[in-house]
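Visitor: Mind having a look at this structure? Questions to follow.
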């Protein structure tokens, strides 16, 4: 199992070009599954069948795992068995017809315009790290970038003359991301001042670097957001700013297809969730503001 698993991880990284975050999740999920298989007395992947998989999913539910976590683990197992079938190591996948648990539909979290403004203006721009953090926050809000896209960005991808960035998203798909003047100004200040100080003479193509002059990691970006989110009394992670970007665009009248393009969504259905967010917010405002919507009693004049 270990040898096959190692080859599969190499396949994910080299051929599928998945993010380090996805590799980490798949590794943990599959190792957990292998442990269950081993404890069940199964010594080869060929002996894993639908009953084995159902027993594993039942154990996860007994342990209280969230439906979303169970669905992710099942997705990892499906992907692994597709690879095994491709390599002709097994003839069938026990996960092929196993149905994922029905997920509870939750609307994406997002910030109000005032919260987003206060968040991005939080860093102390008199310091190099503050200039970096300001540029980072401005860029996430202005562009809707995934955190993986942000940390992997290099200087040659940025064009401040046209306020455009070339990024490679999921599946190595290239797209052009647009940014506004505030984000461009923050990036310009950081690149010409704070970034040079953080590099300290080192050579690095990464736009965002840490205090040692090395490329910043995704988990550091998450910590930066948590630090400044205290100023708005709301726990913020990078994807909330992506949700905020999309929601505010649609609130401003942007076309859904344009938002899809800017987010790098392959499927329009992935973008349509934000229309539900804006409709939900409109409903709340209507119910709160219109006297007849609240069912107030009394005759109209």
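Visitor: Among the numbered criteria (1) within 20 Å of residue 262 (Cα to Cα); (2) surrounded by 15 or more Cβ atoms within 10 Å (Cβ to Cβ), which one does residue 186 miss?
Guide: (1) is the only condition that residue 186 fails.
Visitor: Given the criterion touching a helix residue (DSSP H, G or I) at 6+ places or on another chain (Cβ under 7 Å) and either crowded, with 21+ Cβ neighbours inside 10 Å or at pLDDT below 95 (or both), identify the matching residue among 180, 201.
Guide: Numbers: 201 fails: touching a helix residue (DSSP H, G or I) at 6+ places or on another chain (Cβ under 7 Å).
The match here is 180.
Visitor: Looking at 108, 94, 128, which one is at pLDDT 90 or above and in contact with a helix residue (DSSP H, G or I) (Cβ under 6 Å, 6 or more places away or on another chain)? Let's see the steps before the verdict.
Guide: Working: 108 fails: at pLDDT 90 or above; 94 fails: at pLDDT 90 or above.
The match here is 128.
Visitor: Suppose we filter the stretch 1-45 for residues that are within 22 Å of residue 58 (Cβ to Cβ) and either in contact with a strand residue (DSSP E or B) (Cβ under 9 Å, 6 or more places away or on another chain) or part of a helix (DSSP H, G or I) (or both); how many remain?
Guide: Adding up the residues that qualify gives 15.
The values are calculated or read from the model by the stated rules, or taken from the named source; none is laboratory data. This is a predicted model, so every value here is computed, not measured. Cβ coordinates were reconstructed from backbone atoms using ideal geometry, including for glycine residues, and neighbour counts include every protein chain displayed.
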